[in-house]
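Student: Here's a structure for you.
The values are calculated or read from the model by the stated rules, or taken from the named source; none is laboratory data. The structure displayed is predicted, hence computed values, not measured ones. Cβ placement follows ideal geometry from the backbone for every residue including glycine, while neighbour counts extend to all protein chains displayed.
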Amino acid sequence: MIAEPVSPTSPKVKLATLPTHVAIIMDGNGRWAEERGLPRQAGHRAGTENIRRIIETFGEWGVRYLTLYAFSTENWTRPRAEVNVLMRLVGRVVNREIKALHKQGVRLVHVGRLDRLSPQIRKNVEDAIELTRDNQRMTVCVAFDYGGRAEILEAVRRILADGVPPERIDEALFGSYLYTAGLPDPDLIIRTAGELRMSNFLLWQSAYAEYYATPTYWPDFGPEEIQRALEAYSQRQRRFGGVLPRERPPGRSSGRRAP
């Protein structure tokens, strides 16, 4: 059974800091299904059903940016039937959820490639991005057909194509060529299903992110798990390679004081 949400205003919840940007590697859909004697596709459907709850819960906590790792560049190597199911689910989720998210002031951003998606799914995503582009309450980034190495290589190619002189290239300029240009670096990266690897996710952006792993499969990841992750984050000292937390280096997001 999925636990009922714990209100962030509960007296027992006292966090020193909250992350500005949380990124999640959503893992374990297939294993969740297999342990229940169900096909892997059922796990992916259950995982998509969990997305709205997670967005709403992080929004209640006041997290301003949430990135969800939905489909990697390497996921194309999965069986064609499974890939087709994932593609159909993307279209359904966008169509089903976008009006509610727009009403709640959520801005949708795509991180990754769009050119390998079907024309209809690409249009659905582009329409959702356009509809929500001016919303300011919360930004939800969907990393779909995304790979960290591919992102870095693409940034290098674009810099070269633009003829940027080598002496002008610094971290800020390089970041402006990434898919995540204009977004703060993630403060906290959560991975579900007990795995302890980055899986080619936000390799440049996560240089100083805090990492939190849980054995819970993504379909079962809920409000109580979110609270545990935020509590763990609030207890950590972020020094960015030796800089004290009060001396945040330019361009870095170090989280913020909880209200």
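Student: Regarding GLU130, is this residue over 19 Å from ILE24 (Cβ atoms), among the acidic types (Asp, Glu) and assigned to a helix (DSSP H, G or I)?
Tutor: Against the criterion (over 19 Å from ILE24 (Cβ atoms), among the acidic types (Asp, Glu) and assigned to a helix (DSSP H, G or I)), GLU130 qualifies.
Student: Considering the stretch 81-99 alone, what residues qualify as being over 19 Å from TRP218 (Cβ atoms), of a type outside the set (Gly, Ala, Ser) and surrounded by 15 or more Cβ atoms within 10 Å (Cβ to Cβ)?
Tutor: ILE98
Student: Which of the residues spanning the stretch 28-54 are crowded, with 20+ Cβ neighbours inside 10 Å, touching a residue at least 24 places away in the same chain (Cβ under 8 Å) and over 16 Å from VAL90 (Cα atoms)?
Tutor: Within the stretch 28-54, GLY28, TRP32, ILE54 meet the criteria.
Student: Suppose we keep only residues that are part of a loop (DSSP other than H, G, I, E, B) and within 17 Å of the chain's Cα centre (by Cα) within the stretch 54-85. Which one would you say is farthest from LEU188 (Cα to Cα)?
Tutor: For the stretch 54-85, the residue satisfying everything is GLY62.
Student: Kindly check whether there is at least one residue in the stretch 68-80 that is surrounded by fewer than 16 Cβ atoms within 10 Å (Cβ to Cβ) and closer than 30 Å to SER234 by Cβ.
Tutor: no
Student: In this structure, is VAL156 modelled with pLDDT under 95, aliphatic (A, V, I, L, M) and in a helix (DSSP H, G or I)?
Tutor: For VAL156, the condition - modelled with pLDDT under 95, aliphatic (A, V, I, L, M) and in a helix (DSSP H, G or I) - is not met.
Yes or no, residue by residue, for (1) under 18 Å from GLN205 (Cβ atoms); (2) touching a Lys or Arg at 6+ places or on another chain (Cβ under 7 Å); (3) at pLDDT 95 or above:
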site: THR20; (1), (2), (3): yes, yes, yes
site: ALA23; (1), (2), (3): yes, no, yes
site: TRP32; (1), (2), (3): no, no, yes
site: GLU35; (1), (2), (3): no, no, yes
site: ARG40; (1), (2), (3): no, no, no
site: ARG45; (1), (2), (3): no, no, no
site: GLU49; (1), (2), (3): no, no, no
site: THR57; (1), (2), (3): no, no, yes
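Student: Quick one: how many residues across the stretch 133-153 are small (Gly, Ala, Ser) and not in a helix (DSSP H, G or I)?
Tutor: 2
Student: Here's a follow-up. Give the residue that is surrounded by the most Cβ atoms within 10 Å (Cβ to Cβ), with candidates limited to residues of the stretch 146-181 that are aromatic (Phe, Trp, Tyr) and without any contact (Cβ under 8 Å) to a residue 60 or more places away in the chain.
Tutor: Checked the stretch 146-181; the qualifying residue surrounded by the most Cβ atoms within 10 Å (Cβ to Cβ) is TYR177.
Student: For THR67, all conditions in the list (1) closer than 24 Å to THR180 by Cβ; (2) at pLDDT below 95 hold save one; what is the number of the exception?
Tutor: Tallying (1) closer than 24 Å to THR180 by Cβ; (2) at pLDDT below 95, THR67 fails exactly one: (2).
Student: Okay, moving on. Which is surrounded by fewer than 12 Cβ atoms within 10 Å (Cβ to Cβ) and closer than 22 Å to THR57 by Cβ, of GLN120, GLN136?
Tutor: GLN136
Student: Answer with yes or no whether ALA143 is closer than 18 Å to THR67 by Cα and among the hydrophobic types (A, V, I, L, M, F, W, C).
Tutor: In short, yes.
Student: For the stretch 89-122, how many residues are more than 23 Å from ARG53 (Cα to Cα), of a type in the set (S, T, N, Q) and part of a loop (DSSP other than H, G, I, E, B)?
Tutor: Residues flagged as more than 23 Å from ARG53 (Cα to Cα), of a type in the set (S, T, N, Q) and part of a loop (DSSP other than H, G, I, E, B) within the stretch 89-122 amount to 1.
Student: Would you tally the residues in the stretch 110-139 being closer than 18 Å to ALA100 by Cβ and either out of contact with any Gly (no Cβ under 9 Å at 6 or more places or on another chain) or without any contact (Cβ under 8 Å) to a residue 24 or more places away in the chain (or both)?
Tutor: Here the count works out to 8.
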